[in-house]
1. What is the distance in Å between the Cα centres of segment 147-204 and segment 103-127?
2. Given the rule -39500 (n - 2.57) for each run of at least 4 DSSP H residues, summed and divided by the residues of the chain, what is its mean residue ellipticity at 222 nm, to the nearest 500 deg cm²/dmol?
3. Please report, largest first and rounded to whole Å, the three semi-axes of the ellipsoid equivalent to segment 46-147, where each semi-axis is the square root of five times an eigenvalue of the C-alpha gyration tensor.
4. For a quick check: sort 42, 63, 82 by the number of other beta carbons within 10 angstrom, fewest at the front.
5. Assuming R0 = 22 Å, can you tell me the calculated FRET efficiency for the pair residue 210 and residue 114, based on Cβ-Cβ distance, to the nearest 0.05?
6. Between residue 71 and residue 173, what is the label-to-label distance in nm when each label sits 7 Å out along the Cα-to-Cβ direction?
7. Output the Cα-based Rg and Dmax of the chain in Å, rounding Rg to one decimal and Dmax to a whole number.
8. Could you compute the FRET efficiency for residue 182 and residue 35, with r as their C-beta to C-beta distance and R0 at 41 Å, rounded to 0.05?
Ligand SMILES: NC(=O)c1ccc[n+]([C@@H]2O[C@H](COP(=O)([O-])OP(=O)(O)OC[C@H]3O[C@@H](n4cnc5c(N)ncnc54)[C@H](OP(=O)(O)O)[C@@H]3O)[C@@H](O)[C@H]2O)c1
């Protein structure tokens, strides 16, 4: 397993967990928000069977408050970088007649998000990209899944200065990372491209763009 992230300490921790379970892990410290970082990761890859495009950050910022470098780096990380990884790694899967591509998107792909326009738009890109990629490679035996979770208990919100969400967003709206992984496995088995983990989110998904849902969501997440 090749593990990619920027933080060496995080990589060592996950690498140790993989080894403790009897697997082999190769951690690579790269910044995937730059083309050179993505190229370094691609150079390290050989015969990839499963690609998980998971790296992402959330940006909670009012319009006009993002620096140019921040906009460019985040856009690359969450859109063009995913394309570049797939361009480099998927053709070998197609030739082999097997392989899996899991793109971690978000429920934000389907709903407008105040002060998170760039994040929501990048997830719409990721989901749309996965759907088209699936159309192209499905017949070869390669499976593609776009995961679109709602709130998941990870470090994402704390790192974005959105700690208040853990107390404001009701418990039923939170998923555990294991729920998302299980949903990914089911999606691959069932050959379902776009997957919304969690029954509560699946039930409300058709109504997410309604005014009522939008107003309630904004009340819940307001700072
Ligand atoms: N948590 C949620 O509620 C939620 C909901 C929907 C979708 N998602 C999506 O789930 C994915 C995983 O996020 P998470 O919730 O697990 O957040 P997280 O705990 O903050 O993990 C993010 C991961 O991405 C890596 N990463 C971030 N920027 C990177 C960069 N420039 N280069 C390389 N690696 C980078 C981080 O490692 P380093 O910081 O060490 O680089 C970390 O391993 C993201 O795509 C996110 O948008 C999360």
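1. Spelled out, the Cα-based centre of one part sits 13 Å from the other.
2. Numbers: 10 runs with 107 residues, N = 223.
Rounded to the nearest 500, it is -14500 deg cm²/dmol.
3. Numbers: eigenvalues 163, 37, 16 Å².
With the √(5λ) rule applied to segment 46-147, the semi-axes are 29, 14, 9 Å.
4. Working: 42 15, 63 9, 82 27.
Ordered from fewest to most neighbouring Cβ atoms within 10 Å, 42, 63, 82 come out as 63, 42, 82.
5. On the way: r = 15 Å, r/R0 = 0.70.
The value I calculate is 0.90.
6. Placing both labels 7 Å beyond Cα along the Cβ direction yields 2.8 nm.
7. Considering the chain through its Cα atoms, Rg and Dmax are 17.6, 50 Å.
8. Working: r = 33 Å, r/R0 = 0.82.
Here the calculated transfer efficiency is 0.75.
We did not get these values from a lab; they are worked out from the coordinates using the rules stated. Just so it is clear, the structure is predicted and the values come from calculations on it, not from any experiment. Note that we place each Cβ from the backbone using ideal geometry, even for glycine, and neighbour counts take in every protein chain shown.
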